[in-house]
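*Asks:* One structure follows; several queries about it will come next.
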Amino acid sequence: MEIKYSIDDLSVQDPPTEEFTASDLTWTKYGSSEHHVDDVALVPYDRVDAFISGECSNPEHPTRFHIERGRKRERGSLKECKSDEYLLYRLYWCSFGPENYGEGGSILPSRRYRLNTRNRAARPQSMRGCTCHFAIKRLYARPSIALIIYHERRHVNKSGFICHGPLDRDAIGPGAKKVPYICSEIQQQTMSLIYLGIPEENVLQTHIEGVQRYCDPNASVNSLASQYVQKLGMIIKRSTHELDLDDQASIRMWVEKNKKSVFFYQDSSETDPFILGIQTEWQLQQMIRFCHQSILACDSSFGISKLKYPLYTLLAFDSRHHALPVAWVITRTITKQDVSKWMKALVDRIRAVDSVWNIYGFIIDDPALEIDPIRQIFCCPILFSLWRIRRSWLKNVFKKCGHIEVQREIYKRLGKIMYSIWTKEDPMDAMEELFQDFVDQTAFIQYFKAFWVPKIEMWLGTIKSLPLASQESCGAIEGYHVKLKLKVYDDSHLGALQRVDWLVHKLTTELHSGYWLDLYADESGSFPSVKEEYILSTSWHRALQVPDDAVTFDDKEHLFAKVLSQKDGGQEWMVWNPGSEFALCDCSWSMQGNLCKHIIKVNLLCQHKKEFLPSLSYLSFQEVLLSLWRKPMDDSLSLDLSMAWVAQMQDKIQRLVELITSGDIAKVTNKLPLKWIGRRERTSVGKPTGSSTLSLHRANKGGVQKKAATRRKSRKRKRLSRIKSYS
């Protein structure tokens, strides 16, 4: 086949089908600038997803392709470009590779032992060393065109053998030619259902339905699927967290067997504290997907008094703004040096997959946390969440104060301490007034003086210096915390809380499977009951289900609001101190210290009423804007710069609000002004700009002059030598 050396000679192909595969395209041998010869084809860029979907649905090799690497350039960054230069580059790899967990017939990491079966059943682990991969370049010169470069079209391993699919003889025992390989999605779905305690009959039915998406139903398929579910259930039931009687040795063994799920590990010693960072492949994909140009949050100190080592969770916000755990760090150290270690390892792991990944904000919940590593490594603003202090105060108000009137008044006074940061009152005066007015509430006053007074200045200082997170994000973080608490502390094993291997086992099995199934059900619609429960798992989404006419306000003094129950029409819940994050409700969920849907619903309606104070997060945002405007000199250049920043920020926020609230994105984009981009100088690596260019030019000039002088001396020596020889 003739080799092409310019993609300008290729025609753009656009198959008429909704999805298309490699067999629907005409491939050309192309010699790239990197001196490789590969099969290439040109397609419209908006048809790339159709090509990827078609390749995933290949009946001979059903699979999914994940992004192994990616790079991106900005428009105008190249002064000159070749025909195959990219604007966006993505390398897609078959999800059955590139690693090979079963190479050489060794024990798979998901098994503690070999199954003594004559004919091997389906492998619980799906990484089989498949080398099938292709790259997609969005062309720099023609952004509407994509160049598909297929490096390896065959689904084979390094030895050249088919490693998955119906043609893989080892896929599912003796019926491999008829039954397709159990893909990672079906495998994870089955494991999640087993871990969550779903009856085996229901698990088998769901598993068979998933397998039948890739093959025709028959008795052999059902029989082999039943064997797979039974053996997988047996392995899961027999698995234990105690790989060794010694907890430290057990963790070492777990880390050795699960290297792909560990992004940082530091064993405890005399000089170094224990740190274990866990992130599965699925969590890595979700962190790249949901956190890029979005918000990352943390639940920083779960189990600080009950577990051997506290748990630090990094949370992403999914498409429904639910908190999704994307990494776990088990450690007791919070020093800057140790935090920097695991944060850098995590970011390096993510950017090895997506080099342009970055976040727009990081939400913390404890003022004792080191924020310098976050600013240095994530390079983003830091926000503060009030959910932890609000929950702690509310739980202890209900626990240590007996009468509802006293409870709501004390909680209102605690909110007044927070509001005094922005109302120009002294928080210490408000706290002293609380102690004097409720001197008879000895249990609560003693608790507050012992636990909060020594560190209240640190909390108030952090809250004043950092922007505050919204009530929706606080509710999402609290929802994850409550779910984690139910999973971790619901165990009858004696002494389990003091073993790290037990916590790791709990996180990577039950909790991970639960969140995987929740997100899968929400996006695929496979489990309607699971999806409905997942949508309503946060108080914010439950509050959106409450109609506006179910809320009535006290029109005289604005002290309370009533919310009509949606389950029992005769029941009304009282919300005291409406409009504040420190509102108090008399429902059972709020009395447990949680942020209930009644408070959120009332506060949402109070935003449009002038009689109520704005939220703390709004006051914090207002303070940030005003701080940009406040400058020591009027009519100065600094004042002009501050006003420009405020105007720019206001314009961006207004457009973002329009984009979120608008039902038609075209109406928003049509209002945007045209942006003309001029050609800029090339800024590639190796070509300096500015003053560095001038200094380099001078250095080069000096070097040229030295070389010229050396050549003149050399010529003079030659002439002298010739004269001497003649003489």
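The values are calculated or read from the model by the stated rules, or taken from the named source; none is laboratory data. Predicted model, so just to flag it, every value in this text is computed and none were measured. So basically every Cβ, Gly included, is an ideal-geometry build from the backbone, and we count neighbours across all protein chains shown. The protein model used for the area step is the full one, side chains on, heavy atoms only, and it has no ligands, DNA or RNA in it. Shrake-Rupley method; radii C 1.70, N 1.55, O 1.52, S 1.80 Å.
*Asks:* Could you tell me the center-to-center distance, by alpha carbons, between the range 430-497 and the range 354-385 in angstrom?
*Replies:* The range 430-497 and the range 354-385 have Cα centres separated by 22 Å.
*Asks:* A further question on this structure: Ignoring ligands and nucleic acids, what accessible area does Y150 show with a 1.4 Å probe (Å², nearest 10)?
*Replies:* Approximately 10 Å² for this residue.
*Asks:* Could you pull out every one of the aspartates and glutamates with an alpha carbon less than 16 Å from that of K344, ignoring same-chain neighbours closer than 8 positions?
*Replies:* Cα-Cα hits under 16 Å: D354, E370, D372.
*Asks:* Just to confirm the filter: which chymotrypsin sites (Phe, Trp or Tyr not before Pro) across the range 354-459 are DSSP coil and have at most 13 other Cβ within 10 angstrom of their Cβ?
*Replies:* Sparse-neighbourhood loop chymotrypsin sites (Phe, Trp or Tyr not before Pro): Y360.
*Asks:* Another question about this same structure. Using the structure shown, select from K231/K506; K400/K455; K257/K506; K4/K29; K562/K597; K4/K158 the pairs with a Cα to Cα distance greater than 18 angstrom. Each step should come with its number before you reach the end.
*Replies:* Working: K231/K506 21 Å; K400/K455 20 Å; K257/K506 16 Å; K4/K29 6 Å; K562/K597 12 Å; K4/K158 28 Å.
Checking Cα-Cα distances, K231/K506; K400/K455; K4/K158 exceed 18 Å.
*Asks:* Continuing with this model, one more query. Largest first, what is the accessible-area ranking of E472, E433 with a 1.4 Å probe?
*Replies:* Heavy-atom accessible area, descending, gives E433, E472.
*Asks:* Net charge within 15 Å of N358 by Cβ-Cβ distance, Lys/Arg positive one each and Asp/Glu negative one each, not counting N358 itself?
*Replies:* Result for the local shell: +4.
*Asks:* What is the sum of charges around L25, taking Lys and Arg as +1, Asp and Glu as -1, for the other residues whose C-beta is under 14 Å from the C-beta of L25?
*Replies:* Taking every other residue near L25 into account, the sum is -3.
*Asks:* Under a crude label model (7 Å from the Cα following the beta-carbon direction), how far is Q654 from T442 in nanometres?
*Replies:* 6.0
*Asks:* In Å², and per residue, what accessible area does the range 299-408 have when probed at 1.4 Å with the other protein chains present? Kindly include the intermediate steps, with their values, before the conclusion.
*Replies:* On the way: 4020 Å² over 110 residues.
Value returned for the range 299-408: 37 Å² of accessible area per residue.
*Asks:* Also, I was wondering about something else. If you stretched the chain out fully between Y489 and Q566, how much longer would it get, using 0.36 nm times the residue separation minus the C-alpha to C-alpha distance?
*Replies:* The span from Y489 to Q566 would gain 24.6 nm if fully extended.
*Asks:* With a sphere of radius 10 Å drawn around the Cβ of D244, what net charge do the other residues whose Cβ falls strictly inside it have (Lys, Arg +1; Asp, Glu -1)?
*Replies:* After counting each charged neighbour, the total is -3.
*Asks:* What does the accessible area of S529 come to, in Å² to the nearest 10, when a probe of 1.4 Å is used?
*Replies:* 80
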